[in-house]
Amino acid sequence: MAAFIIRRILLLVPMLLGASLVIFLMLRLGPSDPALDYLRLSRIPPTDQALAEAHAMLGLDKPLLTQYFVWLWDALRLDFGTSYALQRPVLPEVLHFLPATLQLAGIALAFTMLVSVPLGMWAARHRDQWPDQVVRGIAFLGVSMPNFWLGFLLVLLFSLQLGWLPPMGRGTAANLVMPVIAVSFMSLSINARLLRASMLEVAGQRHVYYARLRGLSAGKVERGHVLRNAILPIITATGMHAGELIGGTLVIESVFGWPGLGRYAVSAIFNRDYPVIQCFTLMMVLIFVLCNLLVDIFYAWADPRIRLNAGSA
Amino acid sequence: MAAIADHEGSAVASPRGFFSNMRMSARIACALVAILLITAVAAPLVAPYDPNAVDLPGRLQGPSLAHWLGTDHLGRDMLSRLIYGSRVSLGAVAIALTGIIALGIAIGGTSAVLGGRADQFIMRCCDVFLTFPTIVLALFMVGMLGTGLVNVIIAIVLSHWAWYARIVRGLVLSFKRRDFVLAARVAGASRTRIFIEHLLPPTFAQLVVLATLDIGHIMLHVSGLSFLGLGVMAPTAEWGVMINDARQFVWTEPMLLFWPGFALFVAVAAFNLAGDAIRDKLDPHLAAEHQH
């Protein structure tokens with residue numbers, strides 16, 4: 001298992017380097033001159049001399065490859081540069097907004113699993129009966145409903161009509177309810193359908209048939225023989241959902257005035273505050289990659305076939 | 001969806017027409033898609049008003065015979081704006097998907113045809129792009145390129161191509177081993193010719209089926225970016241922007257926010273259902289796989 005984890009972590013290094021290269025190159029090869037935006041945000045008139053000074057200060061006059069390695073070396077030492085707009089180091093700002101985003105995305109992930117697993121089991125147990133239809137309906141809504149619109153619908157219902165939940169802000173558990181639902185609804189419904197299909201497939205397999213023949217109770221067969229195997233595709237899908245949940249959180253933050261990275265990043269995008277955008281992107285990639293690492297490790301733990309194969313390969 | 005797939009067994013056996021033996025929901029979805037496309041194309045003929053005609057005295061009206069869905073905070077006709085909005089949303093998705101498919105075929109196809117080290121290298125590049133969550137990559141690209149609809153479309157293309165390149169490569173490699181390709185090789189056709197004449201058509205057909213399933217998904221991404229204020233700019237009528245515009249009136253005029261979201265929801269739902277149905281029709285094998 002340890003060998004598997006180490007191998008998997010080593011695989012991350014080239015991926016992250018590649019991602020950093022994309023993040024770096026898109027700016028330098030893109031249509032804009034960072035020095036101009038720097039001057040604009042610093043409110044310095046863009047004279048030829050000021051522009052040349054900005055180029056020198058931002059290191060834009062050096063060869064591209066040198067620039068990349070300087071940038072990468074700084075990033076490895078956790079120095080992501082200075083925000084053009086605020087003239088402050090970027091990383092502390094990003095870290096200031098990160099916890100709120102992680103909290104929302106993390107709770108949404110937990111909520112997705114907590115709700116989708118029972119829903120999927122319920123649908124599989126009552127195949128083609130009304131519970132199955134209900135879950136199918138939820139799945140249909142889930143993949144078609146814009147999450148930000150769902151957020152507003154929840155606000156209209158629970159804040160405006162019923163007055164049960166606060167429409168904005170962060171701090172109490174009540175603040176979390178609507179954002180979490182809005183962020184996780186799509187992943188949750190996809191997961192429930194996936195688990196249903198997976199359970200029905202496993203339930204048709206021979207070992208389940210024999211378990212029934214041995215006289216095990218329906219509940220025991222369902223939990224011990226069907227769910228154990230059927231949950232494996234769900235674990236894999238969770239890695240993908242992590243990306244959707246992170247992205248969903250960034251959008252939903254705007255609906256509920258959630259003080260997270262999403263709103264900070266959007267304002268940086270408006271300002272063309274490149275160091276902030278780069279740091280934000282790298283941070284999100286890092287988190288996404290780590291999520292997938294955890295998912296893979298968990299998967300290998302849950303399914304010995306994986307880690308044994310990887311070990312011998 | 002499984003139910004459609006269950007149905008599909010009988011559908012394939014039946015010699016009747018393409019639409020006549022679809023499920024009811026699928027037929028409704030296809031009809032809705034057709035209506036949406038017609039409305040988008042014929043917006044100037046269908047819309048009762050100019051979508052940008054400001055009428056301040058007639059602002060924030062409720063539904064009436066003159067304005068079926070009422071007017072917004074500038075007195076613009078809601079229905080007309082929704083109709084014109086469909087143009088932007090559908091148009092953006094159409095362009096984005098075309099770009100994604102083109103890039104996917106170009107890169108994935110090259111990778112599969114060249115093989116060896118080049119293939120390895122291209123696939124590692126795809127992997128790098130797949131380490132970004134899609135929306136984060138799209139946000140990043142918009143940040144680098146600047147805001148606006150064109151840049152949002154480019155950003156969507158740049159953040160989705162890697163998935164398609166991988167699929168294209170897989171498809172091309174699977175077709176490469178088929179007899180008809182071997183026959184062409186034996187007959188002495190060049191690599192390029194084999195790719196264009198023998199590998200591209202079946203790959204493209206499969207890809208289009210997959211892409212129809214993605215229409216709704218991409219529509220949500222485009223309007224999500226517009227909702228954040230990064231894509232289409234006001235006063236252009238687009239559903240995401242309209243939702244963003246209506247936020248300030250959410251407490252007093254919730255319907256302003258409801259309608260554009262509802263239009264988006266109906267459009268995405270219709271494309272999802274229709275995509276499912278078409279996929280099941282054209283590709284039973286894929287349908288069976290999708291169920292698992």
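Are there any pairs with C-beta distances below 7 angstrom linking a residue in region A:134-152 that is closer than 17 Å to residue A:168 by Cβ and at the interface with chain B (Cβ under 7 Å from one of its Cβ atoms) to a residue that is surrounded by 23 or more Cβ atoms within 10 Å (Cβ to Cβ) and among the hydroxyl-bearing types (Ser, Thr, Tyr), with the two at least 6 apart or on different chains, and if so which?
Partner pairs satisfying both residue conditions: none exist.
What helices (runs of 4 or more DSSP H), lying completely within region A:227-309, carry at least 3 residues that are more than 23 Å from residue A:146 (Cβ to Cβ) and among the hydrophobic types (A, V, I, L, M, F, W, C)? Outline the logic, then answer.
Values: elements: A:228-256, A:261-271, A:274-302.
Answer list for region A:227-309: A:228-256, A:274-302.
Among the residues that make up region B:18-37, is at least one of them within 16 Å of residue B:255 (Cβ to Cβ), small (Gly, Ala, Ser) and more than 20 Å from the chain's Cα centre (by Cα)?
no
For region B:115-161, how many residues meet the condition of being within 12 Å of residue A:269 (Cβ to Cβ), open to solvent by 20 Å² or more (accessible area, probe 1.4 Å) and over 18 Å from the mean Cα position of the chain (by Cα)? If you could, list the steps in order and put the result at the bottom.
Initial filter on region B:115-161 (within 12 Å of residue A:269 (Cβ to Cβ)): B:136, B:138-148, B:151-152, B:155.
Those left that are additionally open to solvent by 20 Å² or more (accessible area, probe 1.4 Å): B:145, B:147, B:151.
Still in the running and over 18 Å from the mean Cα position of the chain (by Cα): B:145, B:147.
Qualifying residue count for the region: 2.
Looking at (1) at pLDDT 90 or above; (2) within 11 Å of chain A (Cβ to nearest Cβ), find the lone condition where residue B:108 falls short.
In the conditions (1) at pLDDT 90 or above; (2) within 11 Å of chain A (Cβ to nearest Cβ), residue B:108 misses (2) alone.
Residues are listed down the side, and each one gets a yes or a no for (1) over 24 Å from residue B:155 (Cβ atoms); (2) within 14 Å of chain B (Cβ to nearest Cβ); (3) among the β-branched types (Val, Ile, Thr):
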| site | (1), (2), (3) |
| --- | --- |
| A:10 | yes, no, no |
| A:13 | yes, yes, yes |
| A:17 | no, yes, no |
| A:62 | yes, no, no |
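Here is a yes/no grid of residues against (1) of a type outside the set (Val, Ile, Thr); (2) modelled with pLDDT under 90:
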| position | (1), (2) |
| --- | --- |
| A:266 | no, no |
| A:277 | no, no |
| A:280 | yes, no |
| A:285 | no, no |
| A:293 | yes, no |
| A:296 | yes, yes |
| A:309 | yes, yes |
| A:312 | yes, yes |
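Please pick out the residue among A:173, A:182 that is closer than 16 Å to residue A:258 by Cβ, within 23 Å of the chain's Cα centre (by Cα) and away from chain B (no Cβ under 13 Å). Can you show your working first?
Values: A:182 fails: away from chain B (no Cβ under 13 Å).
The conditions single out A:173.
Of the residues B:178, B:193, B:185, B:166, only one is open to solvent by 10 Å² or more (accessible area, probe 1.4 Å), on the phi < 0 side of the Ramachandran plot, away from chain A (no Cβ under 13 Å) and within 20 Å of the chain's Cα centre (by Cα); which? If you could, list the steps in order and put the result at the bottom.
Details: B:178 fails: within 20 Å of the chain's Cα centre (by Cα); B:193 fails: within 20 Å of the chain's Cα centre (by Cα); B:185 fails: within 20 Å of the chain's Cα centre (by Cα).
Result: B:166 is the single residue among B:178, B:193, B:185, B:166 that is open to solvent by 10 Å² or more (accessible area, probe 1.4 Å), on the phi < 0 side of the Ramachandran plot, away from chain A (no Cβ under 13 Å) and within 20 Å of the chain's Cα centre (by Cα).
Might you let me know whether region A:102-124 holds any residue that is touching a Leu at 6+ places or on another chain (Cβ under 9 Å), within 14 Å of another protein chain (Cβ to nearest Cβ), open to solvent by 30 Å² or more (accessible area, probe 1.4 Å) and closer than 30 Å to residue A:266 by Cα?
Looking for residues that are touching a Leu at 6+ places or on another chain (Cβ under 9 Å), within 14 Å of another protein chain (Cβ to nearest Cβ), open to solvent by 30 Å² or more (accessible area, probe 1.4 Å) and closer than 30 Å to residue A:266 by Cα, one finds at least one in region A:102-124, hence yes.
What pairs come up if the first residue lies in region A:183-207 and is more than 14 Å from residue A:122 (Cα to Cα), the second is open to solvent by less than 50 Å² (accessible area, probe 1.4 Å) and not in a helix (DSSP H, G or I), and their beta carbons are under 9 Å apart, counting only those six or more places apart or on different chains?
Listed by first residue and then by second, the contacts come to A:185/A:145; A:186/A:145.
Evaluate the following for residue B:263: is it facing chain A (nearest Cβ under 8 Å), in contact (Cβ under 8 Å) with a residue 12 or more places away in the chain and within 18 Å of the chain's Cα centre (by Cα)? If you could, list the steps in order and put the result at the bottom.
Values: facing chain A (nearest Cβ under 8 Å): no; in contact (Cβ under 8 Å) with a residue 12 or more places away in the chain: yes; within 18 Å of the chain's Cα centre (by Cα): yes.
Against the criterion (facing chain A (nearest Cβ under 8 Å), in contact (Cβ under 8 Å) with a residue 12 or more places away in the chain and within 18 Å of the chain's Cα centre (by Cα)), residue B:263 does not qualify.
So, in region A:178-219, how many residues would count as being open to solvent by 30 Å² or more (accessible area, probe 1.4 Å) and in contact with an Asp or Glu (Cβ under 7 Å, 6 or more places away or on another chain)?
Here the count works out to 1.
Go through region A:252-266 and give me each residue that's more than 9 Å from chain B (Cβ to nearest Cβ) and farther than 15 Å from residue A:98 by Cα.
Passing the criteria: only A:256.
Based on what the data block shows, is residue A:156 surrounded by fewer than 20 Cβ atoms within 10 Å (Cβ to Cβ), within 14 Å of another protein chain (Cβ to nearest Cβ) and among the aliphatic types (A, V, I, L, M)? Give the derivation first.
Details: surrounded by fewer than 20 Cβ atoms within 10 Å (Cβ to Cβ): yes; within 14 Å of another protein chain (Cβ to nearest Cβ): yes; among the aliphatic types (A, V, I, L, M): yes.
Judged against the criteria, residue A:156 is a match.
Quick check: anything in region A:267-278 away from chain B (no Cβ under 11 Å) and either under 17 Å from the mean Cα position of the chain (by Cα) or surrounded by fewer than 16 Cβ atoms within 10 Å (Cβ to Cβ) (or both)?
Looking for residues that are away from chain B (no Cβ under 11 Å) and either under 17 Å from the mean Cα position of the chain (by Cα) or surrounded by fewer than 16 Cβ atoms within 10 Å (Cβ to Cβ) (or both), one finds none in region A:267-278, hence no.
Please find, among B:232, B:208, the residue that is closer than 27 Å to residue A:256 by Cα, more than 10 Å from chain A (Cβ to nearest Cβ) and of a type outside the set (S, T, N, Q). Outline the logic, then answer.
Values: B:208 fails: closer than 27 Å to residue A:256 by Cα.
Result: B:232 is the single residue among B:232, B:208 that is closer than 27 Å to residue A:256 by Cα, more than 10 Å from chain A (Cβ to nearest Cβ) and of a type outside the set (S, T, N, Q).
Out of region B:63-106, which residues are closer than 18 Å to residue B:169 by Cα and open to solvent by less than 50 Å² (accessible area, probe 1.4 Å)?
Taking region B:63-106 first, the residues closer than 18 Å to residue B:169 by Cα are B:97-106.
Across region B:63-106, the qualifying residues are B:97, B:99, B:100, B:101, B:104, B:105.
Here's a check for you: in region A:19-38, which residue that is open to solvent by less than 40 Å² (accessible area, probe 1.4 Å) and not in a helix (DSSP H, G or I) is farthest from the other protein chains (Cβ to nearest Cβ)? First the steps, then the outcome.
Step one: filter region A:19-38 for residues open to solvent by less than 40 Å² (accessible area, probe 1.4 Å), giving A:19-20, A:22-24, A:27, A:30, A:32, A:34-35, A:37-38.
Cutting the leftovers down to not in a helix (DSSP H, G or I) gives us A:30, A:32.
Numbers: A:30: 5, A:32: 7 Å.
Among those that are open to solvent by less than 40 Å² (accessible area, probe 1.4 Å) and not in a helix (DSSP H, G or I), it is A:32.
So which residues in region B:143-161 are under 19 Å from residue B:130 (Cβ atoms) and within 11 Å of chain A (Cβ to nearest Cβ)?
First pass over region B:143-161, keeping only residues under 19 Å from residue B:130 (Cβ atoms): B:144, B:154-161.
Passing the criteria: B:144, B:154, B:155, B:158, B:159.
Restricting region B:237-254 to residues that are more than 10 Å from every other protein chain (Cβ to nearest Cβ) and in a helix (DSSP H, G or I), which is surrounded by the fewest Cβ atoms within 10 Å (Cβ to Cβ)?
Only one residue tops the list, namely B:248.
Just the residues that are free of Cβ contacts under 8 Å to residues at least 12 places away in the same chain and within 21 Å of residue A:128 (Cα to Cα), please, taken from region A:210-231.
A:218, A:219, A:223 - these are the residues of region A:210-231 that are free of Cβ contacts under 8 Å to residues at least 12 places away in the same chain and within 21 Å of residue A:128 (Cα to Cα).
The values are calculated or read from the model by the stated rules, or taken from the named source; none is laboratory data. Keep in mind that this is a model prediction, so the values were computed, not measured. Reconstructed Cβ throughout: ideal geometry from the backbone, glycine too, with neighbour counts over all protein chains shown. Surface accessibility is based on the protein's heavy atoms, side chains included, excluding ligands, DNA and RNA. Shrake-Rupley method; radii C 1.70, N 1.55, O 1.52, S 1.80 Å.
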